[in-house]
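Beneath this line is the structure, given in structure tokens, with notes to follow.
The values are calculated or read from the model by the stated rules, or taken from the named source; none is laboratory data. What you see is a predicted model, and the numbers here were worked out from it, not measured in a lab. Cβ placement follows ideal geometry from the backbone for every residue including glycine, while neighbour counts extend to all protein chains displayed.
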Amino acid sequence: MERGSRSGRGRVESSDRMEDRVIGRGTRVFEAAPVRGEWRRLEDPDDVLDLMDTSATGIVACVVDAGATFLAPVFDDLTAVVCLSGTPVSHIGIVSREYRIPCIMGAALDAEPSAGDHVEVDCSGEDGLLRPVS
């Protein structure tokens, strides 16, 4: 089952994509339709606990450590994950594939969005792409 079909949240049709505004690129973990959500950098378990007090629904989580396990309590609610290190066979990559959460690994960001900015994670092509959403 595709991530977008479980809830419909965040899924976008290809005609809505902004092809020329790529701000990040990395290795997609698996092919997935583009999704949109709110950017949030999560650095430690306290960030996840804060998110649990509200909701992880609609969140595109950015993490640095590909071996991070602190996302476990919210992983199923995330819209997508962007990891700044690792490969598809790293812990985050394996878990995202199992949960069918679109994920970009080893992402290089030209510009990091601010917390709360809306972004698109596109894993439908050869690379995983991150775009801002106006």
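The conditions are (1) of a type in the set (D, E, K, R); (2) at pLDDT 95 or above; (3) within 22 Å of Asp110 (Cβ to Cβ), and Arg21 fails exactly one of them. Which is it?
Status for Arg21: all satisfied but (2).
Restricting segment 42-65 to residues that are within 14 Å of Ile92 (Cβ to Cβ) and in contact (Cβ under 8 Å) with a residue 40 or more places away in the chain, which is nearest to the chain's Cα centre (by Cα)?
The qualifying residue nearest to the chain's Cα centre (by Cα) is Val60.
Looking only at segment 52-97, which residues are among the aromatic types (Phe, Trp, Tyr) and outside any helix (DSSP H, G or I)?
Phe70, the sole residue that qualifies.
Restricting segment 43-61 to residues that are closer than 11 Å to Val81 by Cα and touching a Leu at 6+ places or on another chain (Cβ under 7 Å), which is surrounded by the most Cβ atoms within 10 Å (Cβ to Cβ)?
Selected residue: Ala61.
Out of everything in segment 103-129 that is within 16 Å of Gly37 (Cβ to Cβ) and among the acidic types (Asp, Glu), what residue ends up being modelled with the lowest pLDDT?
Of everything passing the filter in segment 103-129, Glu112 is modelled with the lowest pLDDT.
Can you name the number of the only condition in (1) touching a Pro at 6+ places or on another chain (Cβ under 8 Å); (2) at pLDDT 95 or above that Gly93 fails?
(1)
Among (1) closer than 18 Å to Val35 by Cβ; (2) under 13 Å from the mean Cα position of the chain (by Cα), where does Glu98 come up short?
(2)
State all residues of segment 98-122 that are assigned to a strand (DSSP E or B) and closer than 17 Å to Arg25 by Cβ; if no residue qualifies, say none.
If the condition is that a residue be assigned to a strand (DSSP E or B) and closer than 17 Å to Arg25 by Cβ, then Cys103, Ile104, Met105, Gly106, Ala107, Ala108, Leu109, Val119, Glu120, Val121, Asp122 are the ones that fit.
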